[in-house]
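The values are calculated or read from the model by the stated rules, or taken from the named source; none is laboratory data. Everything numeric here is computed off the predicted structure, so don't read it as measured data. Every residue, glycine among them, receives a Cβ derived from its backbone with ideal geometry; neighbour counts consider all protein chains shown. These accessible areas exclude ligands, DNA and RNA; they are computed on the full protein's heavy atoms, side chains included. Shrake-Rupley method; radii C 1.70, N 1.55, O 1.52, S 1.80 Å.
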Amino acid sequence: MAGTVQRPSSPAIAPIVDRILDTGQLSRWEYLQLVTTMLSDYKVTEEERSYINRVLDERQMGRLQWIS
């Protein structure tokens, strides 16, 4: 009999996004973490998805600076 597999909940997105938007800086690691969270099987709420999309939109418009 197969058991139910529980997926881990998504990492705390709001603090990451808040820091990125406050500083205007985005590391490649943070970018990969956000994109991976969106594309993986994590349970991402609509609010978290909105936060992530905001960062991706800001980056696409050139409003965020890449940092190491």
Completion exercise
Here the qualifying pairs (Cβ atoms under 7 Å; residues six or more apart or on different chains; first in the range 45-64 and over 13 Å from residue 21 (Cα atoms) and without any contact (Cβ under 8 Å) to a residue 24 or more places away in the chain; second outside any loop (DSSP other than H, G, I, E, B) and open to solvent by less than 100 Å² (accessible area, probe 1.4 Å)) come out as 49/38
Problem - Wholly enclosed helices (runs of 4 or more DSSP H) of the chain bearing at least 1 residues among the aliphatic types (A, V, I, L, M), at pLDDT below 90 and surrounded by 11 or more Cβ atoms within 10 Å (Cβ to Cβ) - result: 13-23, 28-39
